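The values are calculated or read from the model by the stated rules, or taken from the named source; none is laboratory data. Only a predicted model underlies this, so the values are computations on that prediction, with no experimental measurement involved. Because the Cβ atoms are built from the backbone with ideal geometry, glycine has one as well, and the counts that use them run over all protein chains shown.
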Amino acid sequence: MLIPVILAGGIGKRLWPLSTPKRPKQFLPLLSDKSLLQETMARIAHYPEMSLPMVIGSLSHRALLNEQLIGAQATIILEPFGRNTAPAIAIAALRAMESGQDPILFVLPSDHVIQNPDIFYKAIAIACAHAEKNKLVTFGIVPHAPEIGYGYIEAGERCDDAYVIKRFVEKPPKQLAEQYLAQGGYYWNSGMFVFRASSILQAIETYAPNIYAACQETLKNSRKDKRYIYLNEIQFAQCPKESIDCAVMEKTKDAVVVPLDAGWSDVGSWHVLWSLMRKNQHGYMKLATLFLRNIMSRLKKDPQ
């Protein structure tokens with residue numbers, strides 16, 4: 001069983017004023033008539049091994065999540081406030097194991113673009129094969145430019161269709177990024193992961209026991225209904241705020257990276273958004289329409 005865990009709690013600060021805390025970029029129809037979240041849901045639905053997804057988002061976006069996922073079967077986990085990716089993943093893994101099974105989790109952001117899904121699906125299959133062997137897998141985007149806006153992953157020795165992770169590198173200056181590109185063996189950090197629920201929980205308990213304990217208590221004391229899990233605010237407040245990279249992936253010896261060259265983008269800046277839009281002859285019109293919708297929405301809520 002492969003359970004998608006879609007991280008939908010970001011606020012997309014770099015696309016302000018189009019993306020705002022009240023309606024972040026994952027809820028916007030930037031490149032089609034569907035929002036990035038809806039595009040992500042549709043993309044994973046076409047992979048044959050996917051089970052029903054978990055979507056982790058902000059309690060303040062409950063209405064948006066309900067509106068955009070209407071008709072979709074998914075468990076929606078609502079965070080009272082953000083605590084970064086390590087707690088979100090711990091909560092998802094703990095929830096996945098409540099059924100008594102030990103599924104493989106596919107963790108992915110809700111606001112990324114994949115232009116070649118067939119290549120993407122092949123990479124997922126490779127990642128699942130490594131997760132079956134209890135590896136913690138991430139996807140490394142094959143770089144096509146010396147990008148300074150992404151973190152990098154340095155690949156070590158080959159491990160079948162993947163590589164042992166030698167190290168994670170913070171966002172580099174331009175000269176160093178150019179060196180990585182020329183040298184090879186470096187990938188952009190995608191923020192997507194595949195691992196068994198038990199494997200990632202064991203790693204979190206080992207390397208970040210305070211996160212593990214806080215998430216256990218949070219889920220145990222959370223309110224649940226058929227569709228939503230409302231995380232307990234008091235317990236969740238005790239959870240440290242940390243990314244899964246810092247909490248686990250940079251420390252474990254069981255991490256591997258699967259190269260991915262599938263037209264990936266995190267739509268993380270105006271430059272990137274426009275580079276995607278300009279491939280469409282209606283790009284200017286699309287961007288103008290998005291701004292008008294944004295402005296009209298604000299005027300309706302605040303006529304002053």
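Things to note:
- A single member of I44, I91, I70 is farther than 23 Å from T218 by Cα, in a helix (DSSP H, G or I) and β-branched (V, I, T), and it is I44.
- For segment 87-109, the set of residues classified as surrounded by 17 or more Cβ atoms within 10 Å (Cβ to Cβ) and farther than 20 Å from V258 by Cα consists of P87, A88, A90, I91, A92, A93, L94, R95, A96, listed by residue number.
- Between D111, D102, D118, the distinction of being in contact with a helix residue (DSSP H, G or I) (Cβ under 6 Å, 6 or more places away or on another chain), under 27 Å from C159 (Cα atoms) and among the charged types (D, E, K, R) belongs to D102 only.
- Which numbered condition F168 fails, given (1) within 20 Å of G263 (Cα to Cα); (2) surrounded by fewer than 21 Cβ atoms within 10 Å (Cβ to Cβ); (3) among the aromatic types (F, W, Y): (1)
- Unmet requirement for E157, which otherwise passes all of (1) acidic (D, E); (2) closer than 17 Å to K253 by Cβ; (3) surrounded by 15 or more Cβ atoms within 10 Å (Cβ to Cβ): (3)
- Every residue from segment 25-39 that is surrounded by fewer than 22 Cβ atoms within 10 Å (Cβ to Cβ) and not hydrophobic (A, V, I, L, M, F, W, C): P29, S32, D33, K34, Q38, E39
- Hits in segment 183-205 - residues which are in contact with a helix residue (DSSP H, G or I) (Cβ under 8 Å, 6 or more places away or on another chain) and not aromatic (F, W, Y): N189, G191, V194, R196, A197, S198, S199, I200, L201, A203, I204, E205
- Entry remark, segment 99-117: residues being in a helix (DSSP H, G or I) and either among the polar types (S, T, N, Q) or at pLDDT 95 or above (or both) number 1 in total.
- Some residue of segment 121-129 being outside any strand (DSSP E or B), of a type outside the set (D, E, K, R), modelled with pLDDT of 95 or more and at positive phi: no
Table: residues versus (1) modelled with pLDDT of 95 or more; (2) within 18 Å of H130 (Cα to Cα); (3) under 20 Å from the mean Cα position of the chain (by Cα).
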{"position": "N210", "(1), (2), (3)": "yes, no, no"}
{"position": "N221", "(1), (2), (3)": "yes, no, no"}
{"position": "E233", "(1), (2), (3)": "yes, no, no"}
{"position": "K241", "(1), (2), (3)": "yes, no, yes"}
{"position": "V256", "(1), (2), (3)": "yes, yes, yes"}
{"position": "L260", "(1), (2), (3)": "yes, yes, yes"}
{"position": "H271", "(1), (2), (3)": "no, no, no"}
